[in-house]
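Structure first, commentary second.
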Amino acid sequence: FLGFSSIVFMEFIRRNIGKIIKVIPLFLFFIFNIWVIAKTNSIQGFVALGTGIFVYCLYSVYTSISRLNFYRLSPVLILSLLLIFLGFFGMGPLSQYLTSSTVFSRLDYWRASISMLLDNPFTGVGLDAFGDNYRLYRDDRALARFGESQVTDSAHNVYLDIFSYGGLPLGFLYVGLNLMPLWLFVRKVRSLQDPAAKREQVILIALWFGFQVQTLVSVNQIGVTIWIWLILGLMSSTVREKTQETKSM
């Protein structure tokens, strides 16, 4: 939560540049959040924060330079993302900073969830029944890594959890619920003529991406998951408001 939510402090700092009394405490809160993430050894917290900051800064660059120059930067951006992705899974120069033993545990859980889906493509194994079926679907690599006693009640990936729970119908419904508001919101932001207005809205896009990274490597914990519905609700509300303003004009 601290990982993706800390992006908000960057937006507040930007909006209050020049107001030292407000910027200093906001900056201190941002640094404190990073310290907490570091003290808890939460790699996924840093990855979620980094993703949100990357999206936030990427859009700022996109609105500040010509489209041609932005395309010229694309190879650098793609290479950076590739190095981060490989590092998370124990490959490349960033592996010593981004990977951990928990990554390989998650890979075991993900393979089991995919097996559940392939074996039950239309019904899944039942809501919240991943833990009841994990031992049936884990593979030899999971057994060799942790032994027979290792169990889990989650795939540590919300999307794979949903697909394994209810099969393809429930999984695609969940994907649609996450993507449709984002798609409408991005279209609406792109239609805005004022660059300042676009920058004020991009924080929601950054939060969405930061949260999605979190859900790809974490459990479906209610205290964290509730935030994606709030973010999607804000996106839908913004789209509705902007649509009404356009019609009234």
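The values are calculated or read from the model by the stated rules, or taken from the named source; none is laboratory data. The shown structure was predicted, so the numbers you read here are calculated from the model rather than taken from an experiment. We place every Cβ from the backbone using ideal geometry, glycine too, and count neighbours over all the protein chains shown. Accessible surface is based on the protein model in full, side chains and every heavy atom, while ligands, DNA and RNA are left aside. Shrake-Rupley method; radii C 1.70, N 1.55, O 1.52, S 1.80 Å.
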Practice item. Specify which of the listed residues (PHE29, PHE12) is open to solvent by 100 Å² or more (accessible area, probe 1.4 Å), closer than 21 Å to GLU200 by Cα and either of a type in the set (Lys, Arg) or part of a helix (DSSP H, G or I) (or both). Key: PHE29
Check your understanding: Could you count how many residues in the range 175-218 are of a type in the set (Phe, Trp, Tyr), buried (at least 17 other Cβ atoms within 10 Å of the Cβ) and over 14 Å from the mean Cα position of the chain (by Cα)?
Key -> 1
**Study point:** Failed item in (1) within 18 Å of ARG199 (Cβ to Cβ); (2) in a helix (DSSP H, G or I), with VAL47 passing the rest
**Key:** (1)
Study note, to complete from the structure: Here the residues within the range 110-169 that are in a helix (DSSP H, G or I) and aromatic (Phe, Trp, Tyr) are TRP110, PHE130, TYR134, TYR137, PHE146, TYR159, PHE163, TYR165
Practice item. Please verify whether the range 52-63 includes one or more residues that are modelled with pLDDT under 80, open to solvent by less than 90 Å² (accessible area, probe 1.4 Å) and not in a helix (DSSP H, G or I). Key: no
Practice item. State yes or no: is TYR174 part of a helix (DSSP H, G or I), within 18 Å of TRP227 (Cα to Cα), among the aromatic types (Phe, Trp, Tyr) and in contact with a helix residue (DSSP H, G or I) (Cβ under 9 Å, 6 or more places away or on another chain)? Key: yes
Review point. Loosely packed, with under 13 Cβ neighbours inside 10 Å and of a type in the set (A, V, I, L, M): does that describe ALA155?
Key: no
Check your understanding: What single numbered condition from (1) loosely packed, with under 14 Cβ neighbours inside 10 Å; (2) farther than 28 Å from THR152 by Cβ; (3) modelled with pLDDT under 80 fails to hold for GLN221?
Key -> (2)
